[in-house]
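The structure appears below as structure tokens.
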Amino acid sequence: MLAVNVFLWLVVAALGLMTAMRGTDLFRGSLRASTIEFLQQLPRIALGVVGSGFIADAMPQDLIVPWIGPQSGMLGVAIATLGGACTSGGPVVGFSIAAAALKAGGGAPQVIAYVTAWSLFSIQRLIGWEIPLMPPRVVLLRAAVSVPLPFLAAATAMLISKP
Amino acid sequence: MPPKSRRKPFDWSTAVILTISAVSGLTVYLREGSEQFFSIFRSDLLLFGNMLPKMLAGCLIGGFVTLLLPRELVARWVGAESGLLGLLIATATAAVLPGGPFTIYPVAGAFLGVGADAGTAIAFITSWMVLGYNRALVWELPFFGGDFVIWRIVVCLPLPFLAGMLGRAAIRAFTLRMESPS
């Protein structure tokens, strides 16, 4: 964990230096905007992290395990994929639900299918960013070719079992 | 550029999570007692504390990269004639490119604008979505731990490449037209 922090802050320092060399005003403005974004994200993250622990504990395990448990097979993967595609919200929402499902007895390949599907299809990201910034035809094609990907990821995960 | 003011600290999806969390917390408290409730609460707070420095770093990296990224250069590497190497470069670039949607989509759009094919753009976006290290380090790692994250990334490694190939195959098979409108 410490190594990750050191790495990330070294990257921050290097990029910050490069930005500062382009101009101090640019550096200050960027620093300000990034800090504001961080502060805006704080309540959501606090809620996601604290909430996911309670959700995992309160989740009815006798419901999670048969639906997306390790024995649920490809049907469980399909259910998880559908759930992931229907989850809207930022990284906190998706990862906290996935972590809660894993803690409550969900199978690892099924959780991977969930995370992958959510990463690929999150409606909020599609509407908020991708459609405004990309040609709609490309967005449509990307979504279409992405349909098999969560299943492939889960199938690979079943083959290469978790270390 | 998209309006940044869209990102309010609280929105309806947050409200949903808040409601579910509150109901779950209450359930835990009533069913398992205050000791279990506070034990979960403490470990979650610890997790949150661990995330803070990484999150701040992630936000700063995203901000700096948006300013620094030589978009024209990246686009040159993955032009329309780039073939399989282009897909590979697009996948690798997006995986190591820090920042959020505000860096990724403008770059993907720039690819198309300078003549990269839609397959390359698809590989690029998919790679950011499933392999992006920034999201994995900042968001995923604290929730899941290193073993799980590394395993998931290994499993997902071929996906962007595959999506790009499928995209190209679909364009050829149905003779789709994918020009950028700009």
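Laboratory data are not the source of any read-out in this text; all were calculated from the coordinates shown. What you see is a predicted model; the values in this text were computed from it and never measured.
Before moving on, here are some points about what is shown:
- Mean projected area of the convex hull spanned by the Cα atoms of the protein assembly as shown, taken over all viewing directions: 17.4 nm².
- Helix A:108-121 vs. chain A, principal-axis angle (Cα, 0 to 90°, nearest 10): 50 degrees
- Taking the longest Cα principal axis of chain A as reference, the axis of helix A:149-159 is set at about 70 degrees.
- With 10 Å bins from 0: P(r) over the range A:1-44, alpha-carbon pairs, percent: 26, 39, 32, 2
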